[in-house]
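The values are calculated or read from the model by the stated rules, or taken from the named source; none is laboratory data. Being a predicted model, the structure only gives us computed values, none of them experimental. All Cβ positions, even for glycine, are placed from backbone atoms using ideal geometry, and neighbour counts span all protein chains on display. In case anyone asks, the SASA skips ligands and DNA or RNA and just uses the protein heavy atoms, side chains included. Shrake-Rupley method; radii C 1.70, N 1.55, O 1.52, S 1.80 Å.
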Amino acid sequence: MVSIYTLYVVNKSGGLIYSRDFTSVAKVDLNDALRLASIWHSMHAISSQLSPVPGCTGVELLEADTFTLHCFQTLTGTKFLLVVEPNTPYVPALLQRIYEVYSDYVLKNPFYEVEQVIKCELFDEHLELAVRRHNV
Amino acid sequence: MLCYNIYFYDRTGCIFYHEWLRPKPVKQGAGTLEDDQKQMFGLCWTLSNFCAALDPKGTDKPQLGAPRRIGQGCQFRSFTANNYKLHFLETPSGYKVVLNTSQDVGSLQETLAAVYDELLVARCIRSPLYKGPGQPIPNPEGFRGALSQLLRMRGVLPASQSA
């Protein structure tokens, strides 16, 4: 079963710091991915401004014809975007798990500079593992 | 289940807006109603381009930023925020319907298609009093009543909410 397409990590100022495809998907080139990340960042802010109800913190789930996008925003403003097949179950739990992996293998890495591009082998490995475990 | 507000757009801008319930007034958001409608259009327009560019299954998807024809590529349907849900429908002729409801509502694509078909086409576009794109809907009061009635019949607008 293939259901998780892509993960993007966006920092608190709207820059793309990580992107990873888990299956072969239609190519989004790096420039487009960077622009999509910052577009998402601003649309996220506008959606909470336009909310008809007070206390909105932004989009969590976007549904389109061929995919669903789940967004998890941490308290510090980092956003994890997961592009999945429509009707994939337990995606919020997977995002929580990815956040844990990020905290453990990126933020605790002494060579990692916050808000910069993520290049951590251990993060790659554990991310792969978490997604594979979710797919079975 | 609650309905908050609805926007209708044609190619020139917002042609009809109605709110049943808006706990957060426009003043705390975009400022004026006109700006609110413009921003809502921008949000939906950008998100539909976003979806077309991100589409993981599109083989010949349009380049991000390049002009895109209506209905080309993957379509944006709805999004859910932590306290509301936005439903979006774009027709091939460029009319757009945006409906905000509470989160506990499923897919409303069929309902929005019915709103387009049974209301916009029947009461506005086909009406001899309608003067064309950019002009207000003829008989907005009747339109508003019919809209509330249709949504109530489809079980989207609860009976306890006033028209």
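Key figures
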quantity	calculated
Residue within the range A:91-104 that is buried (at least 18 other Cβ atoms within 10 Å of the Cβ), touching a Cys at 6+ places or on another chain (Cβ under 7 Å) and hydrophobic (A, V, I, L, M, F, W, C) present	no
Subset of the range B:19-62 (residues that are of a type in the set (A, V, I, L, M, F, W, C), in contact with a Gly (Cβ under 8 Å, 6 or more places away or on another chain) and under 16 Å from residue B:6 (Cβ atoms))	B:41
Residues of the range A:72-109 that turn out to be of a type in the set (Ser, Thr, Tyr) and assigned to a loop (DSSP other than H, G, I, E, B), as a count	5
Single condition residue B:110 does not satisfy, out of (1) in contact (Cβ under 8 Å) with a residue 60 or more places away in the chain; (2) open to solvent by 10 Å² or more (accessible area, probe 1.4 Å)	(1)
Residue check for residue A:72: closer than 29 Å to residue B:3 by Cβ and facing chain B (nearest Cβ under 7 Å)	no
Filter result for the condition that a residue is loosely packed, with under 14 Cβ neighbours inside 10 Å, acidic (Asp, Glu) and part of a helix (DSSP H, G or I), over B:35, B:60	B:35
Counted residues, the range A:33-64 - those being open to solvent by less than 10 Å² (accessible area, probe 1.4 Å) and either under 17 Å from residue A:78 (Cβ atoms) or more than 19 Å from the chain's Cα centre (by Cα) (or both)	9
Qualifying position, being at pLDDT 95 or above, crowded, with 17+ Cβ neighbours inside 10 Å and more than 26 Å from residue B:72 (Cα to Cα), among A:82, A:16	A:16
Some residue of the range A:7-19 being in a strand (DSSP E or B) and at the interface with another protein chain (Cβ under 10 Å from one of its Cβ atoms)	yes
